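The values are calculated or read from the model by the stated rules, or taken from the named source; none is laboratory data. The structure presented is a predicted model; accordingly, all values stated were derived computationally and were not measured. For neighbour counting, all protein chains shown are included, and Cβ atoms are generated from backbone atoms with ideal geometry for every residue, glycine included.
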Amino acid sequence: MNKHLEKIIELFQAADNLAIFIYNKNGQLIKQTGFKKLSEEIKNKIFEHLNEKVFLASSKEGNLIAAFKNGQERLVISTISKSINTELKTDEQNLKIFSAKISIFYMLLKGKQAVFQKENENLKNIVLFNKMENDSLISRSKKPSYDGYISEQKMLKGIEHGNLNEFDKNFSKFAAEGNFGVLSNNELRNKKNIVIAAITLYTRSSIKGGLYVQSAYDLSDYYIQRAERQTHIEDLHEYIRSIGKVFVKNVSAVKRKNEPTLIYQTQEYIYDHLASIKNIDEIASKLNCSSSYLMHLFKKTTGKSIVSFITEQKISSAKQQLLFSKKSLNQIAHQIGYKRQSDFSRSFKKIVGRSPSRFRSSQKI
């Protein structure tokens, strides 16, 4: 799979929650986004009808599907579930929106306008995804874990930062840990309770991120009431993710309004590349500005230097891992971008007031 296709997939994942499956010409899966598995039956049906035009259909669950050839590869793109953003639209409206997204994807990839086949009716009685034995969010077998807590905190940081990439990347890890457990013996009530618990976490993080308190609670009330009206929640994972994205976008809008675009973009870059940033010149180059101007504007806007901001973010991540994982100091240091443990320890003590080892031991009960 070429770099161009990888970049387009990355951008589309950040912009919209679509499932993308890439196969070779023999039908073997090369790459997929998300955690769901495309059923063999529907894959075979799609491949039977592939030609030079874009295949378009809907499945038994109401998911929309598109597929087309890209050289030796076969791409299948689908909606994952009827999210909170689409559930109030008609099937015709959703199909029009989905087709527009596929047209953009196709144009970016192949540099020409997509031509669609007539909507295929043969898939309407076939289930799109293989049924999962358990929803990871409501696993009865898993117990809350250190890794689960860290995943939760990283996901919530994505909301606090208004960073969709950070939220999306960590949401799947959070869901896989199954830390919510079972909150009711009634399946629908249990799902609603988990939605409410997630919204509560989202609300607190969005306020920390700068969203006005009233706005955060208005969002919370709206989506809790909306969840309570549901008579069926098919895909809990995606339902909760889609609500989280709304909170992320609202925090992002506030940050963009309150901070110069360049500063917001700088913070975004730091959140996304925390462990790999080499120097300020790297950030300035990515944002097409001079290092001196960026440093001056950042200090003037935030009251702290870029280096201090990066160090604070690294130490914040380290504190979580010291408390909720058994990783060694050396492992933590490398994971957040320090080449030497001694440099990490020095930075940590300067900010926290004690060494990483003493911090870890002092927090144990």
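Please tell me if Gln93 is loosely packed, with under 12 Cβ neighbours inside 10 Å, modelled with pLDDT of 70 or more and not in a helix (DSSP H, G or I). Write out each step before concluding.
Details: loosely packed, with under 12 Cβ neighbours inside 10 Å: yes; modelled with pLDDT of 70 or more: yes; not in a helix (DSSP H, G or I): no.
Taking the combined requirement at face value, the residue does not satisfy it.
Examine segment 260-278 for a residue that is over 26 Å from Tyr149 (Cα atoms), in contact with a His (Cβ under 9 Å, 6 or more places away or on another chain) and not assigned by TED's automatic domain parsing to the domain that holds Ile150, and state whether such a residue exists. Talk me through it step by step, then tell me what you get.
Step one: filter segment 260-278 for residues over 26 Å from Tyr149 (Cα atoms), giving 260-266, 278.
In the following step, the residues that additionally are in contact with a His (Cβ under 9 Å, 6 or more places away or on another chain) were identified as none.
Taking every residue of segment 260-278 in turn, none turns out to be over 26 Å from Tyr149 (Cα atoms), in contact with a His (Cβ under 9 Å, 6 or more places away or on another chain) and not assigned by TED's automatic domain parsing to the domain that holds Ile150.
What is the one condition in (1) modelled with pLDDT of 80 or more; (2) more than 24 Å from Gln313 (Cβ to Cβ) that Ser184 does not satisfy?
Result: Ser184 fails condition (1) only.
I want to confirm something. Restricting to segment 246-267 and keeping residues that are modelled with pLDDT under 90 and charged (D, E, K, R), which single residue is farthest from Glu282 (Cα to Cα)?
Looking at residues that are modelled with pLDDT under 90 and charged (D, E, K, R), I get Lys257.
Pick out the one residue from Phe68, Phe12 that is modelled with pLDDT of 85 or more and under 15 Å from Phe105 (Cα atoms).
Going through Phe68, Phe12 in turn, the sole match is Phe68.
Hey, any hits in segment 235-245 for a residue that's outside the structural domain of Ala318 (by TED's automatic domain parsing), touching a Ser or Thr at 6+ places or on another chain (Cβ under 9 Å) and within 14 Å of Glu160 (Cα to Cα)? Please lay out each step first, then the result.
Keep residues of segment 235-245 that are outside the structural domain of Ala318 (by TED's automatic domain parsing), which gives 235-245.
Remaining after also requiring touching a Ser or Thr at 6+ places or on another chain (Cβ under 9 Å): 235, 237-239, 241-243, 245.
Now narrow it down to the ones that are within 14 Å of Glu160 (Cα to Cα): 245.
Within segment 235-245, one or more residues are outside the structural domain of Ala318 (by TED's automatic domain parsing), touching a Ser or Thr at 6+ places or on another chain (Cβ under 9 Å) and within 14 Å of Glu160 (Cα to Cα).
Return a yes/no flag: does segment 213-225 have any residue that is of a type in the set (A, V, I, L, M, F, W, C), at pLDDT 90 or above and either farther than 21 Å from Lys157 by Cβ or outside any helix (DSSP H, G or I) (or both).
Looking for residues that are of a type in the set (A, V, I, L, M, F, W, C), at pLDDT 90 or above and either farther than 21 Å from Lys157 by Cβ or outside any helix (DSSP H, G or I) (or both), one finds at least one in segment 213-225, hence yes.
Might you let me know whether segment 342-350 holds any residue that is closer than 22 Å to Lys154 by Cβ, of a type in the set (S, T, N, Q) and touching a Phe, Trp or Tyr at 6+ places or on another chain (Cβ under 7 Å)?
No, that holds for no residue.
Please work out which residue is surrounded by the fewest Cβ atoms within 10 Å (Cβ to Cβ), limiting yourself to segment 191-225 and to residues that are among the hydroxyl-bearing types (Ser, Thr, Tyr) and either outside the structural domain of Gly244 (by TED's automatic domain parsing) or under 17 Å from Arg256 (Cβ atoms) (or both).
The extreme case among them is Tyr212.
Which residues, counting only those in segment 282-312, are over 28 Å from the mean Cα position of the chain (by Cα) and among the charged types (D, E, K, R)?
Lys299, Lys300, Lys304
One line per residue, one yes/no per condition, for (1) surrounded by 12 or more Cβ atoms within 10 Å (Cβ to Cβ); (2) within 24 Å of Lys208 (Cβ to Cβ); (3) in contact with a Leu (Cβ under 7 Å, 6 or more places away or on another chain):
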{"residue": "Val254", "(1), (2), (3)": "yes, yes, yes"}
{"residue": "Lys257", "(1), (2), (3)": "no, yes, no"}
{"residue": "Ile277", "(1), (2), (3)": "yes, yes, no"}
{"residue": "Lys314", "(1), (2), (3)": "yes, yes, yes"}
{"residue": "Lys326", "(1), (2), (3)": "no, no, no"}
{"residue": "Asn330", "(1), (2), (3)": "yes, no, no"}
{"residue": "His334", "(1), (2), (3)": "yes, no, no"}
{"residue": "Ser347", "(1), (2), (3)": "yes, yes, no"}
{"residue": "Gly353", "(1), (2), (3)": "no, yes, no"}
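Restricting attention to segment 267-315, which residues are in contact (Cβ under 8 Å) with a residue 40 or more places away in the chain and assigned to a loop (DSSP other than H, G, I, E, B)?
Leu274, Ala275, Ser276, Ile277 - these are the residues of segment 267-315 that are in contact (Cβ under 8 Å) with a residue 40 or more places away in the chain and assigned to a loop (DSSP other than H, G, I, E, B).
Condition check ((1) among the charged types (D, E, K, R); (2) touching a helix residue (DSSP H, G or I) at 6+ places or on another chain (Cβ under 8 Å)) across all residues:
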site	(1), (2)
Lys25	yes, no
Leu29	no, no
Ser39	no, no
Lys45	yes, no
Lys53	yes, no
Ala57	no, yes
Asn63	no, no
Phe68	no, yes
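So in segment 181-212, with the set limited to residues that are touching an Asp or Glu at 6+ places or on another chain (Cβ under 8 Å) and part of a helix (DSSP H, G or I), which one is farthest from Glu238 (Cα to Cα)?
Taking segment 181-212 as the starting set, the residues that turn out to be touching an Asp or Glu at 6+ places or on another chain (Cβ under 8 Å) are 192, 201, 205-206, 208-209.
Retained after the next criterion (residues that are part of a helix (DSSP H, G or I)): 192, 201, 205-206, 208.
On the way: Lys192: 13, Leu201: 16, Ser205: 19, Ser206: 19, Lys208: 24 Å.
So, considering only residues that are touching an Asp or Glu at 6+ places or on another chain (Cβ under 8 Å) and part of a helix (DSSP H, G or I), the one farthest from Glu238 (Cα to Cα) is Lys208.
Could you look through segment 226-249, keep only residues that are assigned to a loop (DSSP other than H, G, I, E, B) and within 16 Å of Ala19 (Cβ to Cβ), and pick out the one that is nearest to the chain's Cα centre (by Cα)?
Ranking the candidates gives Asp235 first.
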